[in-house]
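Below is one structure, written out as structure tokens, with a few remarks after it.
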Amino acid sequence: MGWHEDGRAARSRPGTEAGGGLRGTIGARTAWAGAADISLAAAAAADDDPGMRAFLETGRLTLRPFRDSDADDVLALDNDPEVMRYINGGAPTTRAEVLRETMPALLRHYACLDGPAGVEGRGYWAAQDRGSGAFLGWFEFRPLRADSCDEVELGYRLDRRAWGGGLATEGSRALIRLGFTELGVLRVTANTMTVNERSRRVMEKAGLRYVRTFFEEWPDAIEGSELGDVEYAVTRAQWRDGRGGSE
């Protein structure tokens, strides 16, 4: 998925990996920042609904499993032209598409990411404001193979209310740390458009390093696509050694 401090995420081709990532909805460009006060499964809802339990909390964010009832929030997110600018050029998304394609991907279970307190592992986590509980979007931490968490793709998509305050970097860096320290992840990868300089800088600050430039045949071209996409990544060894990126 993609990266961008203002919440713009990257494109992903549907059905090209075990997770069944959705182009323009799931998959490839993201952003990051220093996250303190990280706790795994730190809270539970008053009604003790496992679908409400937190998977990860940072100073300002709660990441929890998606529920079917999140469909309306996802639809609104995917119909903001600015949010979708670097994903599908800002084209509208229908409710039918969200229900048929997006929600099944957001709800998919990955056993290797199962957390304590009965929290079911997912490739995508709904992001809420830790104080108010308001829906802010989602973060991706998705295994590239259904049977292994050795390598995951990191990304996010956030509502414009969450842009500019470092929330994307906060949540993403927290997920990287959690993956390398508790979930057995060996490599984190992310992609963004070559022209997306802000996103590339966020990846670097998160600890990822440039790997390659590549070109894909997308169903519809958006401005800048002719320059291709870039991959950034960091391994657990690099992260532990502090060689992954800059502060």
Tell me, which residue of the stretch 95-137 that is open to solvent by 60 Å² or more (accessible area, probe 1.4 Å) and acidic (Asp, Glu) is farthest from Leu178 (Cα to Cα)?
-> Glu97
Conditions (1) open to solvent by 70 Å² or more (accessible area, probe 1.4 Å); (2) not in a helix (DSSP H, G or I) -> Ser69 fails only (2)
Matching entry among Tyr210, Tyr232 (being open to solvent by less than 40 Å² (accessible area, probe 1.4 Å) and among the aromatic types (Phe, Trp, Tyr)) = Tyr232
Could you tell me whether any residue of the stretch 177-198 is without any contact (Cβ under 8 Å) to a residue 24 or more places away in the chain and surrounded by 14 or more Cβ atoms within 10 Å (Cβ to Cβ)?
-> yes
With respect to Gly59, determine if the residue is outside any helix (DSSP H, G or I), open to solvent by less than 70 Å² (accessible area, probe 1.4 Å) and under 19 Å from Leu175 (Cα atoms).
-> yes
Please identify the pairs in which a residue from the stretch 111-132 that is farther than 17 Å from Glu153 by Cα has its Cβ atom under 8 Å from the Cβ atom of a residue that is of a type in the set (Asp, Glu), counting only partners at least 6 apart or on another chain.
-> Glu120/Asp114; Arg130/Glu57
Extreme residue, most open to solvent (accessible area, probe 1.4 Å), among residues of the stretch 138-169 that are charged (D, E, K, R) and over 17 Å from Ala233 (Cα atoms) = Arg161
Screening Thr169, Thr102 for residues that are in a helix (DSSP H, G or I), on the phi < 0 side of the Ramachandran plot, among the hydroxyl-bearing types (Ser, Thr, Tyr) and modelled with pLDDT of 95 or more leaves only Thr102
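The values are calculated or read from the model by the stated rules, or taken from the named source; none is laboratory data. Computed from a prediction, not measured in an experiment: that's the story for all the values here. Cβ: placed from backbone, ideal geometry, glycine included. Neighbour counts: every protein chain shown. Heavy atoms of the whole protein, side chains included, go into the accessibility calculation; ligands, DNA and RNA do not. Shrake-Rupley method; radii C 1.70, N 1.55, O 1.52, S 1.80 Å.
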